[in-house]
Amino acid sequence: MTDKAPDPMKRRGFWAMRDIPTVVWLVLTVLSTIVHRWVPMPTWLMLHLLLLGAVTHAILVWSQYFSYALLRSSATADDRRRQNIRLILSNSGTAVIVAGVMTAIWAITLVGAAALITAVVWHGISLYRRARRSMPGRFGRTVRYYITSAALLTVGALLGAWLARGDGAPNLVLAHALINALGWIGLTVAGTVVTLWPTILRTRADEHAAIGAARALPVLAGGVVVAAAGAVVEQLLIVALGLAGYLAGLVIIGLSLVRAARNKPPYSFAALSVGAALVWWAGTVAMVTVGAVVFALTGEGFAALDALFGQVVPYLAAGFAAQVLLGALSYLIPVVLGGGPSPVRIGTAAFDAGGVLRVTVANAALAVCALPVSSLLRVVASMMYLVAMASFLVILPRAMRAQRRAKADGAAQHDKRRGPITPEGEQPRGRRAGQAMAGLLAVVLVSAGIAAADPAGMGWSAAPTGDADAPVQTVQVEAADMRFTPDRIEVPAGTRLVIEITNTDASQVHDLVFANGIAGGRLAPGESETIDVGVITEDVGGWCSILGHRQMGMTLQIVATGAAQDAESDAGGHGDHGMGDPDAGAHDMGDHDADAGAPDLMADPGPDFEPYDAVLPALPASDSPVTREVTLTVTDEQREVAPGVTQTLWTYNGTAPGPVLHGRVGDTFEVTLVNDGTMGHSIDFHAGALAPDRPMRTIAPGESLTYTFTATRAGIWMYHCSTMPMSAHIANGMYGAVVIEPDDLPAVDRSYVLVQGEYYLGDHDGGLVDVDAMATRNPDLVTFNGYANQYDHAPLPARVGERVRVWVLDAGVERPSSFHVVGGQFDTVWSEGAYSINRAEGTGAQVLPLAVAQGGFVELTFPEAGHYPFVSHFMIDAERGAHGIFAVED
């Protein structure tokens, strides 16, 4: 008999198909965990697929569903249509964010963040409007949790979009994580469990639950805001105060949850999973709170808290977010599918299969991961957790099919065929206890087995036994200044390598991970850790996984001496297997977060290094315009562009950028262009105004032309090759600057010229520009005057009190510039023909912002002796090589 009555779930704006994206995101999370060794930024990816993908979609779906129930209202067709649009926006936005971050293209990330924020803001507004026009029931006020959490995610997503630029500090990362994890997810869960927890337990809610929830919301929300604000200003005690307030809010809610559990203890998978999640939630927050207080009192600094939170976040995600999501879905999906008491019971029983066992294994394995165990045991335990949790993805379709079949067949027919179904939570106590004991024993026995076979990894013995009878080699490694020291370790094949790593950096957090899956934890300055890399049978690459550190050259190479590949090499084979490159092991992994051949900008230049002369000589006095004759010869030159990296550049007069031309308004330039290169080239002078048809034409190798122009306007003007593809010719070195001084330009003590350019590297040993890489708009190097960090190695001199003028041109081809001198302030800024300030008193400027092909100059005096770095304040570009130093003497 078919029930034709309206489905209450559809009246509340929900149907089961809407939760399919949650399952898709969960599958992607599992896949990313399995292949994490071969993907860039694996930790970031796993966390965001779970939290930003699966959990966020579930929140958007179920908070809408609960709001209709709590506010005693029904969804209209328009409500469902708008909900669909929001879900499409949020999921597509999340997918675009992931794509943008993984490809390091900020514009893509920004588009995704905008879509996600739009969906969440719209979601929050819809809840607010519904709450205003409804007559809520007893727990109707808990809808405010969903509205508040949506507002917090807006802030968190904006912070995340900013951080994706690559120039975010650890304090902003922590603020972003606190707002999203404890605000967006935490507040949503807090508002939901007040009513869902007793419902899952099949008992009445505590009589004080509604009042407690109303009191807890401002405490929880205020705690998140205060903690995040404390992170922004790097005040540990403020962070601790906010988190303590948050814990107080959890206690207020927790009291009613504990009372409900006393009435009906949790037995089902849903109840046990949600209950365990709540424990991990409170535990991780308490740990960070205590850590913030301790670090504040001991003076360890904000980096220590950032490191601690980095260690806690995976447990907040895996222990809290993942378990509460799977537990809630295991209860809600059978209810939503409906069909009557018997089909719902059948679906619930299917979701409950092995529930006690699964929860026990997952939480015991996660607890092992949190202990100071060997890297091998941590990997095995994490896989046990993954299997226990991923089993939900196998159970889900089976449970849904069973319930639908029961609905179609009728409960009586189903019971006649298969017999009555009893959910696991209603099985005899002995059976549940047996499952719990089996799960716990499985984790304990595996842990004991690994510990017995690997006592050195557990720190129990200097030498392993059993299968690990191999000799042990222990090496001390220091992490500092974006380097591991030593960064090459030779180990006889068949030897177990144990690394004792110490972070001796002054302020940076570091870690060490390996291509074989072994990984250490994050180390704050001064912290140490022992990592058992295992028995070395082949070459293994290692690196620091902190975002950007690997790109800066923080890699380590383990070389297995006497291994099979060495024998092949000795015989003239290819046993080297690419390990001649310090990063080759990582490259073989396929981890594109940092190309294994990425330049090591911390290394010293080669022996033939000569810095580009940045000095702009003063022009001789002249009362009338002059004619300046210049010859620019195009040649192909193999030049070093960063330590250990050479490129075959197309140059004007052998340098990239070409020579600086210098004159005054009214001067005439007669430029003879000679093409001694291997292909057609041309030249375009922005400093002159004339029809481009003939002077800017492309000339073949062996040809020449004369380009004449009169400088009628002051500025620092770009010149470049205009042969197509123009971007490739410019990026391969064919650009330079023309400085035309204004008539009234006062004299200064020193004058420098800095031309910002980019490299999209081909083969590091003499390759040409990588045209395909240019399409990503993500350069390998950004430089001043053609060499990464060259004025770190050859600082520009100045003296205290001298007036220094710096002409800056952004030659592109893609990146804008924001020229800044660290420790200095500009009292004169002249850009694109106009002063914004001119030797002002009492005011100043901090940057000279330039779009591509724009130029100008700044002036400043240095107040005291020292080293004053200058950078493009697009900090990711400063870290790519747009960095130098003024060496100021008394």
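Report yes if some residue within region 275-295 is under 29 Å from Ile333 (Cα atoms) and of a type in the set (S, T, N, Q); otherwise report no. Yes, there is a match, as at least one residue in region 275-295 is under 29 Å from Ile333 (Cα atoms) and of a type in the set (S, T, N, Q). Restricting the first member to region 356-381 and to residues that are over 24 Å from Val533 (Cβ atoms), and the second to residues that are at pLDDT below 85 and surrounded by fewer than 21 Cβ atoms within 10 Å (Cβ to Cβ), the beta-carbon pairs closer than 7 Å and six or more apart or on different chains are Val356/Arg432. No other residue among Thr422, Thr465, Thr474 is at pLDDT 80 or above and either more than 22 Å from Gly520 (Cβ to Cβ) or of a type outside the set (A, V, I, L, M, F, W, C) (or both) apart from Thr474.
For region 474-515, name all the residues that are surrounded by fewer than 19 Cβ atoms within 10 Å (Cβ to Cβ) and among the charged types (D, E, K, R). Matches in region 474-515: Glu478, Asp481, Asp487, Arg488, Glu490, Glu500. On the given criteria, is Gly881 on the phi > 0 side of the Ramachandran plot and under 27 Å from the mean Cα position of the chain (by Cα)? Against the criterion (on the phi > 0 side of the Ramachandran plot and under 27 Å from the mean Cα position of the chain (by Cα)), Gly881 qualifies.
Restricting region 58-93 to residues that are modelled with pLDDT under 90 and of a type in the set (A, V, I, L, M) leaves a set whose member that is surrounded by the fewest Cβ atoms within 10 Å (Cβ to Cβ) is Ala77.
Here Val96 fulfils each of the conditions (1) more than 14 Å from Leu49 (Cα to Cα); (2) free of Cβ contacts under 8 Å to residues at least 24 places away in the same chain; (3) buried (at least 17 other Cβ atoms within 10 Å of the Cβ) apart from (1).
Looking at Ala214, Ala205 in this structure, which one is in the same structural domain as Arg138 (by TED's automatic domain parsing), outside any helix (DSSP H, G or I), more than 32 Å from the chain's Cα centre (by Cα) and not basic (Lys, Arg)?
Only one candidate passes the filter, namely Ala205.
Has region 27-36 got any residue that is surrounded by fewer than 20 Cβ atoms within 10 Å (Cβ to Cβ) and at pLDDT below 80? Checked region 27-36: at least one residue is surrounded by fewer than 20 Cβ atoms within 10 Å (Cβ to Cβ) and at pLDDT below 80.
Residues in region 860-890 that are touching a Pro at 6+ places or on another chain (Cβ under 9 Å) and among the acidic types (Asp, Glu) were compared, and the one that is farthest from His720 (Cα to Cα) is Glu889. Looking at region 110-147, which of its residues are buried (at least 22 other Cβ atoms within 10 Å of the Cβ) and among the hydroxyl-bearing types (Ser, Thr, Tyr)? Of everything in region 110-147, those that are buried (at least 22 other Cβ atoms within 10 Å of the Cβ) and among the hydroxyl-bearing types (Ser, Thr, Tyr) turn out to be Thr142, Tyr145, Tyr146. Close contacts from region 181-192, counting a first residue that is in the same structural domain as Ile211 (by TED's automatic domain parsing) and a second that is surrounded by fewer than 24 Cβ atoms within 10 Å (Cβ to Cβ) and among the charged types (D, E, K, R), with Cβ to Cβ under 8 Å and a gap of 6+ residues or different chains, come to Gly191/Arg144.
Grab the strands (runs of 3 or more DSSP E) fully contained in region 734-818, keeping just those with 1 or more residues being in contact (Cβ under 8 Å) with a residue 24 or more places away in the chain and more than 30 Å from Ala689 (Cβ to Cβ).
750-759, 765-767, 781-784, 794-799, 803-810
For region 733-753, a residue qualifies if it is touching a Leu at 6+ places or on another chain (Cβ under 6 Å) and under 17 Å from Gly654 (Cβ atoms), and the qualifying residues are Gly733, Ala737. Taken across region 298-313, residues that are aromatic (Phe, Trp, Tyr) and closer than 16 Å to Val239 by Cα do occur, with at least one present. Can Val219 be described as outside the structural domain of Arg815 (by TED's automatic domain parsing), part of a helix (DSSP H, G or I) and buried (at least 19 other Cβ atoms within 10 Å of the Cβ)? Here the answer is no, as Val219 does not meet what is asked. Among the residues of region 193-202, those that are out of contact with any Leu (no Cβ under 7 Å at 6 or more places or on another chain) and either in a helix (DSSP H, G or I) or not assigned by TED's automatic domain parsing to the domain that holds Gln64 (or both) comprise Val194, Thr195, Leu196, Pro198, Thr199, Ile200, Leu201. Give just the number: which of (1) aliphatic (A, V, I, L, M); (2) in contact with a His (Cβ under 9 Å, 6 or more places away or on another chain); (3) in a strand (DSSP E or B) does Ala853 not satisfy? With (1) aliphatic (A, V, I, L, M); (2) in contact with a His (Cβ under 9 Å, 6 or more places away or on another chain); (3) in a strand (DSSP E or B) applied to Ala853, the lone miss is (3). For region 733-753, taking the residues that are within 44 Å of the chain's Cα centre (by Cα) and not hydrophobic (A, V, I, L, M, F, W, C), the one that is surrounded by the fewest Cβ atoms within 10 Å (Cβ to Cβ) is identified as Arg750. Scan region 613-667 for residues that are surrounded by 16 or more Cβ atoms within 10 Å (Cβ to Cβ), over 26 Å from Gly680 (Cα atoms) and not aliphatic (A, V, I, L, M) and jot them down. Answer for region 613-667, where residues must be surrounded by 16 or more Cβ atoms within 10 Å (Cβ to Cβ), over 26 Å from Gly680 (Cα atoms) and not aliphatic (A, V, I, L, M): Pro643, Gly644, His662, Gly663, Arg664, Asp667.
Per the listing Ala798, Ala811, Ala788, the residue uniquely of a type in the set (Gly, Ala, Ser) and over 30 Å from Ala107 (Cα atoms) is Ala798.
The values are calculated or read from the model by the stated rules, or taken from the named source; none is laboratory data. Note that this is a predicted model, so its numbers are computed, not measured. FYI the Cβ positions are ideal-geometry reconstructions off the backbone, even for glycines, and counts take in every protein chain you see.
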